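Here the structure is laid out as structure tokens; the discussion comes afterwards.
The values are calculated or read from the model by the stated rules, or taken from the named source; none is laboratory data. Quantities reported herein were computed from a predicted structural model and do not represent experimental measurements. Glycine also receives a Cβ, built like all others from the backbone with ideal geometry; neighbour counts cover every protein chain displayed.
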């Protein structure tokens, strides 16, 4: 074997082992995001201002969690953030599917900085809309800010949006926001190509890394 062939063999050897490493790093990224979503649920349930949220989460058809939404002065514009969606069946919650929220401008009240957003999906219509690859809030599906604070009364909408950061609440306007599935993240997290129906409805896949998230939601107001 000539020396000229050794660099080619070395490159092939590195490529062979680089693929599993990259895949593991990708999976770790999705798991870290699920862990952040779990922390966001716990933050909401421990927040004294979120009494209505705690008392009514068990009625929701689904919950969509965005653990980190970028802040910005009077207006937040741009691509938005990533989230995880889980469906409820009785008191049993599905494994998460990954989504994005963006292609819109999100309006805030002056001075409010939002770092965590949770959408409670209260109707079958809202839940079914989330099974489509992409849909816009405020079109066929109504969305409004969720009630917070002492004496809060419920709102009538398909989706209720709750937000919190450093004790500041409300003012989040999601009209026109576009919700889109993250198919690549779903595939990496579950190790194969899956549809949102596979994850949320048929429940043919699972990842033990999501157990703490499911348990955190299940334990709310028990």
Kindly indicate the residue of segment 192-205 that is out of contact with any helix residue (DSSP H, G or I) (no Cβ under 8 Å at 6 or more places or on another chain) and in contact (Cβ under 8 Å) with a residue 12 or more places away in the chain and also surrounded by the most Cβ atoms within 10 Å (Cβ to Cβ) among those meeting that condition.
200
Flag for residue 76 being in a helix (DSSP H, G or I), more than 12 Å from the chain's Cα centre (by Cα) and at pLDDT below 95:
no
Qualifying positions in segment 206-216 - farther than 17 Å from residue 45 by Cβ and surrounded by 16 or more Cβ atoms within 10 Å (Cβ to Cβ):
207, 209, 210
Go through (1) modelled with pLDDT of 85 or more; (2) closer than 23 Å to residue 209 by Cβ; (3) not in a loop (DSSP other than H, G, I, E, B) one by one and return the number of the condition residue 125 breaks.
(2)
